[in-house]
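As structure tokens, the structure follows; a few thoughts come after it.
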Amino acid sequence: MSDTNANTPGGPIYRAAKALGLLNVAILSIFALGIIAIKFNETLLRVFYPRGLPDWGAEVSTYLMAWGLMLSLPVLVLRGENIAADFLINLIPEKVRKAISLGEEIAGAIFCAFVAWGGYLAVELAHRLGQISDTSLQFPMWMYILAVPVGFGLASIAYLLRLAARVRPGIKFWKGAEQ
Amino acid sequence: MIAVFFGLFLVLLFSGLAIYLALGLSAILAWYVEGIPLVAFSQFFADHLNTPKFVAVPMFVIAATFMERGRISNVLVDFALSIFGSLRGALAYVSIAATAIFAAISGSSVATALAMGKSLIPQMRARGYPDTFTTGTIGAAATLGILIPPSLPMIIYALVVEESVPRLFLAGVVPGLIQVALFMLYVRWRGRNMPAEGAFDLAKVRRASARAIPGLTMPMVVFGGIYSGLLTVNEAASAAAAMAIIISWLFYRTVTAGDIPFLLSDSFRETAKIMIIILAALALAHWLIGQGVARSLADYLNNSGLTAIQVLLIANVIMFFLGMFLEVISVILIFVPLLVLTLDTMGIDKVHFGIVVIINMELALLTPPIGLNLFVLSGISGVPIKQVMRGMIPYALLMFCLLMLVTLVPEISLFLPNLVYGS
């Protein structure tokens, strides 16, 4: 099956991209609602039952936020939605503009891969040292730090997909599967 | 070395690369040259992401997204119309008043411009208001989104300078009200030949108020909660997010249950756009501060014989220039860390400086080539950017006067926080 056919609505690549997109939406929604629920719970307990106020509310909501933000990175890259100071871009010749765009994708892929690799090393270190949070939850820190290599690793893959789509436009499957 | 990396950053930035990449690539190279291991760079990202105060940012973005998509702006417009409808140029007054109320719920100027623009432009067009005046009024009024609390840039600024968010929020109130008053005075003069929308009708006010109550409760919960000590900023932000979801879904029924997950994930992505710039900017700022740039700047300015006011005026010029080319959060993250030590040594109050920064950023939203509100209003209305810009010029001049006033008279911004929290 050619890439283009696979990319048509109902094709396997389209369906896979759609499913991944929906999974991303579902996870981010759960994280956002989780933060709201934790903060609501904290407020209620502080007002009505201060002794029952857990010491891990801020910690867990921060982890949810961090994971949510990191999982948003690859989608931002695929959609090309990162903020840029692109006011000069229209003043430069088309060829140079294309070269800059290609350069951005290569630089982005390398930068995100570097951060992901460093993140992996940080996860390994935290795991080896048995680092845990200092609240009663004693959360293993490697599970939190893992958000960085996962987010940047996926963002690096997203840049590679954009690069690959330059050679074979048919694999630009995410375009068809955007909500 | 500093000049090389700063030069590299500027080249990458103005070549149109994503801002986080321009910052991140410069930072990672600088760290590498310094001999700092790669693992420390990623650990730096993880450590700074693990900042509980950041949680307020996605929550306020969720509130703004639901307010904007949930058309809560329409209800606020009807409410303001019932009050100002009898005046000549009524819809212009309405756009300023309703935008000020919306700003007290949303922390984003762009969300405010989108929501109010979609709601008001068709009505103002239908009543014969000139496009230039319409888009100029709404675009300029929407800048209140970041001055009237809650304000996302204020939260970011507070995190950078380690200042209290509630103090900063309070400091924005008086300058915000002055800005509203200045805009209304201009509308009174400019709108004298424009139509009124019928006589004042108390029954109409009552009906519109009743419908607006859920929307109007939001700022009360947020500010009442924070300043009564009942809610932390994060809890108030989460309450605003929860209320925005419930109000737009169950009260106004402008958002369906099926829309909610998509709007929540959109909000997370909007936050991620900002947050990744913050992380990369902090990494570069960490290196620059480690090189002693901030200290040298502070020492230089301290020994230069310049007064605090002169330093503030120079900072205004630099921020105005940066604001023309960079997005609001980026200016705060690139410029402010370099000045933090200077503020301390020159005795400039960080809350006062924060409001000066925010008013500069309001102007940045109106100044080409990157003035986001220009693009938002032009996009919604189909009016060419040049025309939108022309409409905003009188308001930008008024904002410049406000900027000078707030710069020269710190009490304007400090009066309220000092009253509530003591100096």
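Rounded to the nearest 0.05, the FRET efficiency derived from the C-beta distance between B:ARG190 and B:PHE251 at R0 = 22 Å is 0.05.
For A:ALA84, the residues whose amide H sits under 5 Å from its own are B:ILE19, ignoring neighbours fewer than 5 places away on the same chain, with H placed 1.01 Å from N. Pop a pseudo-label 7 angstrom from the Cα along the beta-carbon direction at both A:ILE106 and A:TRP56 and give the gap in nm to one decimal. Roughly 4.7 nm, to one decimal. The ellipsoid that matches the Cα gyration tensor of chain B has semi-axes, each √(5λ) in whole angstrom, of 36, 24, 21, with the longest given first. Note: relative contact order over chain B, using C-alpha pairs below 8 Å and six or more positions apart, is 25 percent. With contacts taken as Cα pairs under 8 Å at a separation of at least 6 residues, region B:155-313 carries a relative contact order of 12 percent.
The rule of thumb for compact globular proteins, 2.2 N^0.38 Å, goes into the C-alpha radius of gyration of region B:106-206 1.30 times.
Put a plus charge on the Cβ of each Lys and Arg, a minus charge on the Cβ of each Asp and Glu, and nothing anywhere else: the dipole of region A:16-112 about its Cα centre is then about 180 debye. Rounded to the nearest 20, the Cβ-based charge dipole of chain A about its Cα centre (Lys and Arg +1, Asp and Glu -1) stands at 520 debye. Around the Cα centre of the protein assembly as shown, unit charges on the Cβ atoms of Lys, Arg, Asp and Glu (plus for the first two, minus for the last two) sum to a dipole of about 1800 debye.
For B:PHE262 and A:ALA37, a Förster radius of 25 Å and the Cβ-Cβ distance give a FRET efficiency of 0.80, rounded to the nearest 0.05. From least to most packed, judged by other beta carbons within 10 angstrom and beginning with the fewest, A:TRP67, A:TRP117 follow the order A:TRP117, A:TRP67.
With each label modelled as a point 7 angstrom along the Cα→C-beta vector, the B:VAL420-A:THR135 pair spans 2.6 nm. Assuming R0 = 56 Å, can you tell me the calculated FRET efficiency for the pair B:ALA40 and B:ALA181, based on Cβ-Cβ distance, to the nearest 0.05? The value I calculate is 0.65. Rg and Dmax, both from the Cα atoms of region B:22-135 and both in Å, are 21.8, 69. Shape class of region B:186-288 from the Cα gyration tensor (axes a ≥ b ≥ c, square roots of the eigenvalues): prolate, since a/c reaches 1.5 or more and a/b is larger than b/c.
Adding -39500 (n - 2.57) for every DSSP H run of four residues or longer, then dividing by how many residues the protein assembly as shown holds, sets the calculated 222 nm ellipticity at -25500 deg cm²/dmol. A simple rule links phi to the HN-Hα coupling: the Karplus curve 6.51 cos²θ - 1.76 cosθ + 1.60 with θ = phi - 60°, which for region B:81-89 gives 5, 5, 8, 9, x, 7, 8, 5, x Hz, with x for Gly and Pro.
When Rg and Dmax are taken over the Cα atoms of region B:323-416, they come to 15.1, 49 Å.
Restricting the calculation to Cα atoms, the protein assembly as shown shows an Rg/Rh of 0.96 when the hydrodynamic-style radius is the Kirkwood one. Take every Cα pair under 8 Å whose residues are at least 6 apart in sequence, average their separation, divide by the length of chain A, and the relative contact order is 33 percent. Taking only the Cα atoms of region B:1-79, the ratio Rg/Rh comes out at 1.23, with Rh defined as the Kirkwood radius. Taking amide H as placed 1.01 Å from N in the peptide plane, A:ILE132 has its amide H under 5 Å from the amide H of A:MET141, each at least 5 places away in sequence or on another chain. The slack in the chain from B:GLN291 to B:LEU306, taken as 0.36 nm per residue of separation less the alpha-carbon distance, amounts to 3.0 nm. Using θ = phi - 60° in the Karplus curve 6.51 cos²θ - 1.76 cosθ + 1.60, the 3J(HN,Hα) couplings for region B:48-56 round to 6, 5, 7, 10, x, 4, 5, 4, 4 Hz; x is entered for Gly and Pro.
Rounded if a/c is under 1.5, else prolate if a/b is larger than b/c, else oblate: which is region B:177-222, with a ≥ b ≥ c the root eigenvalues of its Cα gyration tensor? Verdict is oblate for region B:177-222.
Rounded to two decimals, what is Rg over Rh for region A:50-179 when you use alpha-carbon atoms and the Kirkwood radius?
Radius of gyration relative to Kirkwood radius: 1.12.
Our estimate of slack between B:PHE200 and B:SER164, defined as 0.36 nm per intervening residue step minus the Cα-Cα distance, is 8.7 nm.
Per residue, the Cα convex hull of region B:123-164 amounts to 69 Å³. Counting beta carbons within 10 Å around each of B:LEU416, B:LEU147, B:LEU10 and listing the fewest first gives the order B:LEU10, B:LEU416, B:LEU147. Residues B:SER106, A:SER61, arranged from fewest to most other Cβ atoms within 10 angstrom of their Cβ, appear as A:SER61, B:SER106.
We did not get these values from a lab; they are worked out from the coordinates using the rules stated. Just so we're clear, the structure is a prediction, and the values are computed from it rather than from any experiment. Every residue, glycine among them, receives a Cβ derived from its backbone with ideal geometry; neighbour counts consider all protein chains shown.
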